[in-house]
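Engineer: Dropping the structure in here first, questions after.
The values are calculated or read from the model by the stated rules, or taken from the named source; none is laboratory data. Bear in mind that the values here come from a model prediction, so they are computed numbers and not experimental data. Reconstructed Cβ throughout: ideal geometry from the backbone, glycine too, with neighbour counts over all protein chains shown. Calculation scope for accessible area: heavy atoms of the full protein, side chains included, ligands and nucleic acids excluded. Shrake-Rupley method; radii C 1.70, N 1.55, O 1.52, S 1.80 Å.
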Amino acid sequence: MSLLEQGRSHHCSELRLSDLGQEVTLMGWVQHYRDLGGLIFIDLMDREGVTQIAINAEHSQETYDIGTTIRL
């Protein structure tokens, strides 16, 4: 099943502390991308708002490596 068939679980800007530890699916486009060497910040935007995603190489090198391939 493709990502589009699965659908999103939340719109950007809907996540709250109560969602911490849950698996969520967001869909949108990258508004800003900043790679600070070991720490990546991605501002993901959809029609509802913006969610900032932080990827730390110390937490997950595999996720960080994937994050370095993301572009605007």
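Engineer: Per residue of the range 11-17, in order, report the coupling 6.51 cos²θ - 1.76 cosθ + 1.60 (Karplus, θ = phi - 60°) as ³J(HN,Hα) in whole Hz, putting x for Gly and Pro.
Structural biologist: Per residue, the Karplus-derived 3J(HN,Hα) values read 8, 4, 6, 8, 5, 10, 4 Hz.
Engineer: Sticking with this structure for a sec: For P(r) over Cα pairs in 5 Å bins from 0, in percent, the listed values are (1) 3, 18, 32, 27, 15, 5, 1; (2) 3, 15, 23, 24, 24, 10, 1; (3) 4, 14, 19, 17, 15, 12, 9, 6, 3, 1, 0; which was obtained by calculation from the structure presented?
Structural biologist: Label of the calculated value: (2).
Engineer: Rounded to the nearest 10 Å², what accessible area does Leu39 show when all protein chains are kept and the probe is 1.4 Å?
Structural biologist: Probe radius 1.4 Å; accessible area of Leu39 about 50 Å².
Engineer: Computing the accessible area with a 1.4 Å probe over protein heavy atoms, can you report the carbon and sulfur percentage for the chain? Can you show the working numbers first?
Structural biologist: Details: 2830 of 5330 Å².
Carbon and sulfur atoms account for 53 percent of the accessible area of the chain.
Engineer: If you count only protein heavy atoms and use a 1.4 Å probe, how large is the accessible surface of Ser13, to the nearest 10 Å²?
Structural biologist: Probe radius 1.4 Å; accessible area of Ser13 about 50 Å².
Engineer: Right, here's the next one. To the nearest 0.05, how large is the calculated FRET efficiency for Thr63 and Asp19 if R₀ is 22 Å and r is the Cβ-Cβ distance?
Structural biologist: In this case the efficiency is close to 0.80.
Engineer: Would you mind getting the accessible area per residue of the chain, heavy atoms of the protein chains only, 1.4 Å probe, in Å²?
Structural biologist: Values: 5330 Å² over 72 residues.
I get 74 Å² per residue for this part.
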